[in-house]
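Please read the structure below before turning to the comments.
The values are calculated or read from the model by the stated rules, or taken from the named source; none is laboratory data. Here the structure is a predicted model, which is why all the values come from computation and not from measurement. Positions of Cβ are backbone-derived with ideal geometry, glycine not excepted, and every protein chain shown enters the neighbour counts. Heads up: the accessible areas ignore ligands, DNA and RNA and are worked out on the full protein's heavy atoms, side chains in. Shrake-Rupley method; radii C 1.70, N 1.55, O 1.52, S 1.80 Å.
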Amino acid sequence: MVNKLTKTGLIIASISIAVFSCKKDEPKVAECTTTSTTPTDNCITDQVLDGSRGPCGETLTITPQYSESVSGTTRTITSNSIPSHMVGKFGGGMGSLNPNAISAQSETYNVTTTPSAASSFTALLSTIGMGPNVGPQYSFGVLKNGVELDPVAAEPFPHTSRMDPNVNWAWNLEALNVNLGLDCNSAHVQPTGKYHYHGSPTLYLQSLSISTTAMTLIGYAADGFPIYYKYAYSTANDNSSAVVSMTSSYKLKSGKRGGDGITAPCDVYNGIYSNDYEYVSGHGTLDEANGRTGVTPEYPSGTYYYVITDEFPSIPRYFRGTPSADFKIGPP
């Protein structure tokens, strides 16, 4: 696996200049520069950027490849990471969402068919420490079209370089709420050419003709637990109960971040950082990993399962079980 590296622009409102960061192994382009500022006494920084999605007007000429098989207690998925739906314009030039062209990959994922809950959640993003043990550690899973779910950006405060030992990973930009060049599927392309989703994959879901009255299995997480989209039984263990929309238990924090604008961001919680949100048990129908335990059409005896929601976090940021090493993000 390779690092998930992106480019971002950030508005520093205190003196109204733009800050851009280039990741270590992303091709350098002219607009990637770094500028530091001193915040005002009011410490107004890091305003919400345009989080809108680019259009999906491109039809790929590469044939999608996906296979899934089970041997013993191992489910093996192979894919070239090419979706069958339309995508945004990538690869540089006028209207391109980022300079990286989509190319076929050769991916093999092995996950267990007998997953079990671990004693604690495992985070996709490690925020404490230095070196390869801090920053994005895992992608989340793979959909049944072979495209990876990789929600965590590699954009720690103050957005200079993830290799800087002084960056603060506790404050990582939220890919869904800033301008990271996502297309209408909340997806973009790594420097390796790998297309991947940061949020709800719009056109893939449309291709499935998702029913609002049934549960729809759309993929598997790295720990082997299944992934469904949005709809599930209102009573978790009763498959005769009504199917309803599941809701996240995360909400935007109130007040201000409390940072100094130099070592940590300040200003009000506005969603530009993943850490601007907090988990509140019972606020929605799902747990901290955007999942729950119950019966599903594929697991009539019950299982833990994840749900992709339209609201934050969309794709879960924690594993309930033990993730497969095939989803590990390698060190820089």
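Just the number, please: carbon plus sulfur as a percent of the accessible area of segment 288-332, 1.4 Å probe, no ligands or DNA/RNA counted.
Details: 810 of 1560 Å².
Answer for segment 288-332: carbon and sulfur cover 52 percent of the accessible area.
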> What does the charge dipole of segment 109-187 about its Cα centre add up to, to the nearest 20 debye, if the Cβ of each Lys and Arg holds +1 and the Cβ of each Asp and Glu holds -1?
Replying inline: 180 debye
>> Under the 0.36 nm per residue contour assumption, what length would be gained going from the current alpha-carbon distance of ALA101 and THR263 to full extension?
In response: 54.8 nm
> What ³J(HN,Hα) values, in whole Hz, does the Karplus curve 6.51 cos²θ - 1.76 cosθ + 1.60 give for segment 212-223 when θ = phi - 60°, with x put for Gly and Pro?
Replying inline: 8, 10, 8, 7, 10, 6, 10, x, 10, 7, 4, 8
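Nearest 20 debye, what's the magnitude of the dipole of segment 218-332 about its Cα centre given +1 on Lys and Arg Cβ and -1 on Asp and Glu Cβ? Display every interim value, and only then the final one.
Values: 9 positive and 12 negative charges, 23 e Å.
In debye, rounded to 20, segment 218-332 gives about 120.
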>> For a test of the definition: using alpha carbon positions, the gyration tensor, and the 1.5 limit on a/c, classify segment 152-291 as rounded, prolate or oblate.
In response: oblate
>> Just want to confirm a number: the relative contact order over segment 246-324, from Cα pairs under 8 angstrom separated by 6+ residues, in percent.
In response: 30 percent
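What FRET efficiency, computed as 1/(1 + (r/R0)^6) with R0 = 30 Å and r the Cβ-Cβ distance, is obtained for SER69 and SER234, rounded to the nearest 0.05? Working shown, then result.
Numbers: r = 34 Å, r/R0 = 1.14.
The computed FRET efficiency comes out at 0.30.
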>> For a test of the definition: using alpha carbon positions, the gyration tensor, and the 1.5 limit on a/c, classify segment 63-198 as rounded, prolate or oblate.
In response: oblate
>> Can you give the local net charge around THR322? Use residues other than it whose beta-carbon is closer than 13 angstrom to its beta-carbon, Lys and Arg +1, Asp and Glu -1.
In response: 0
> Going by average Cβ neighbours within 10 Å, how do the peptides 62-71, 93-102 rank, with the highest at the top?
Replying inline: 93-102, 62-71
>> Using the basic label-point model (7 angstrom from Cα toward the beta carbon), what is the ASN270 to ASP164 distance in nanometres?
In response: 2.0 nm
> Between ALA117 and LEU252, how many nm apart are label points set 7 Å from Cα along the C-beta direction?
Replying inline: 3.2 nm
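In square angstrom, what is the accessible area per residue of segment 250-326 with a 1.4 angstrom probe? Don't skip to the end; give the middle numbers.
Details: 3130 Å² over 77 residues.
Roughly 41 Å² per residue, with all protein chains present.
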> Going down the table (LYS251/LYS328; LYS194/LYS256; LYS89/LYS256; LYS230/LYS253; LYS89/LYS144), which pairs top 26 Å between alpha carbons?
Replying inline: LYS251/LYS328; LYS194/LYS256; LYS89/LYS256
>> Quick check: Cα centre of segment 133-191 to Cα centre of segment 228-267, how many Å?
In response: 19 Å
> So for MET86, MET215, what's the accessible-area order with a 1.4 Å probe, most first?
Replying inline: MET86, MET215
